[in-house]
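Engineer: Dropping the structure in here first, questions after.
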Amino acid sequence: MSVEIINPFPSLSVDNLVVRAIQKSDVARVVRYFQVNRTFLSPWEPLRPDGFFTYEGWERRVIQLTELQRHGLAYYFLIFEKGSEDVAGVITYNNIMQFPFHACNVGYSLAESSQGKGLMRRSLKITNQWLFDNLNLHRIMASYMPRNKRSEAVLLGAGFTKEGEAKDYLLINGQWEDHILTSVINPDWVASINE
């Protein structure tokens, strides 16, 4: 099945939030987000090379991300509180596959200054729904480390259900970490006639 990409750069709103797909004009904003939150995010993320925190590194990365979005293969959303140009968080959808899987993985991070406001839960709900509606996905999968209680609460609050546990699942901050596996299923999924 071929999915026609209606809008490779969606901009979504919920409450006081704007959640939109990254574009070339966002390089400086995303660099600032990762520079400011580098220490805060390090226990929950892979080790990052120094180039990850530079304008030049993100300039190249955004070119790749926008091409993936154009083809419906991945989406990189930025979260903003209305009236602010500062990135409050990011949501990444990758490994998007159609027939017969109709699924993808999601990952996310939230600025230290944006914790405890329900931003990620609300942002995940609206972006998940956009992928269900526009890419006809059946399943979105996410994982979290058992000790990351905030991430667990975000996922459960966004409608994800626990499915299992994977040992040594991801290399986080230089260490293999166990993860709890979760997913959210599209209750309105309908198979295409062409499948």
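Engineer: Please specify each residue of the range 130-156 satisfying the condition of being of a type in the set (Lys, Arg) and without any contact (Cβ under 8 Å) to a residue 40 or more places away in the chain.
Structural biologist: Here is the first cut: in the range 130-156, the residues of a type in the set (Lys, Arg) are 139, 147, 149-150.
Hits for the range 130-156 are Arg147, Lys149, Arg150.
Engineer: Given the options Tyr33, Tyr76, name the one that is touching a residue at least 12 places away in the same chain (Cβ under 8 Å), part of a helix (DSSP H, G or I), of a type in the set (Phe, Trp, Tyr) and touching a strand residue (DSSP E or B) at 6+ places or on another chain (Cβ under 9 Å).
Structural biologist: Tyr33
Engineer: Would you be able to say whether some residue in the range 150-165 is among the acidic types (Asp, Glu), within 26 Å of Ser25 (Cβ to Cβ) and either surrounded by fewer than 20 Cβ atoms within 10 Å (Cβ to Cβ) or over 16 Å from the mean Cα position of the chain (by Cα) (or both)?
Structural biologist: Taking the range 150-165 and keeping what is among the acidic types (Asp, Glu), we get 152, 163, 165.
Filter again for within 26 Å of Ser25 (Cβ to Cβ), leaving none.
No, there is no match, as no residue in the range 150-165 is among the acidic types (Asp, Glu), within 26 Å of Ser25 (Cβ to Cβ) and either surrounded by fewer than 20 Cβ atoms within 10 Å (Cβ to Cβ) or over 16 Å from the mean Cα position of the chain (by Cα) (or both).
Engineer: Six or more apart or on different chains, Cβ under 8 Å: which pairs go from a residue in the range 96-119 that's of a type in the set (Ser, Thr, Tyr) to one that's part of a loop (DSSP other than H, G, I, E, B) and open to solvent by less than 90 Å² (accessible area, probe 1.4 Å)? Could you list them?
Structural biologist: Correct list of pairs: Ser109/Asn37; Ser109/Glu45; Ser113/Ala88; Ser114/Ala88.
Engineer: Is there a residue in the range 123-133 that is within 24 Å of Asn7 (Cβ to Cβ), more than 16 Å from the chain's Cα centre (by Cα) and in a helix (DSSP H, G or I)?
Structural biologist: Within the range 123-133 (the criterion being within 24 Å of Asn7 (Cβ to Cβ), more than 16 Å from the chain's Cα centre (by Cα) and in a helix (DSSP H, G or I)), the answer is yes, since at least one residue qualifies.
Every residue, every condition in (1) out of contact with any strand residue (DSSP E or B) (no Cβ under 8 Å at 6 or more places or on another chain); (2) more than 23 Å from Glu112 (Cα to Cα), yes or no:
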{"position": "Ala142", "(1), (2)": "no, no"}
{"position": "Asn148", "(1), (2)": "yes, no"}
{"position": "Leu155", "(1), (2)": "no, no"}
{"position": "Ala158", "(1), (2)": "no, no"}
{"position": "Lys162", "(1), (2)": "no, yes"}
{"position": "Asn186", "(1), (2)": "no, yes"}
{"position": "Trp189", "(1), (2)": "yes, yes"}
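Engineer: Next up: Within the range 55-107, take every residue that is in contact with a helix residue (DSSP H, G or I) (Cβ under 9 Å, 6 or more places away or on another chain) and more than 19 Å from Gln23 (Cβ to Cβ) and give me the one that is surrounded by the fewest Cβ atoms within 10 Å (Cβ to Cβ).
Structural biologist: Here the residue is Gln98.
The values are calculated or read from the model by the stated rules, or taken from the named source; none is laboratory data. From a predicted model like this one, the values you see are computed outputs, not experimental measurements. Positions of Cβ are generated from backbone atoms using ideal geometry, with glycine treated the same way; all protein chains shown enter the neighbour counts. Each accessible area value is taken on the protein alone, full model and side chains, heavy atoms only, with ligands, DNA and RNA left out. Shrake-Rupley method; radii C 1.70, N 1.55, O 1.52, S 1.80 Å.
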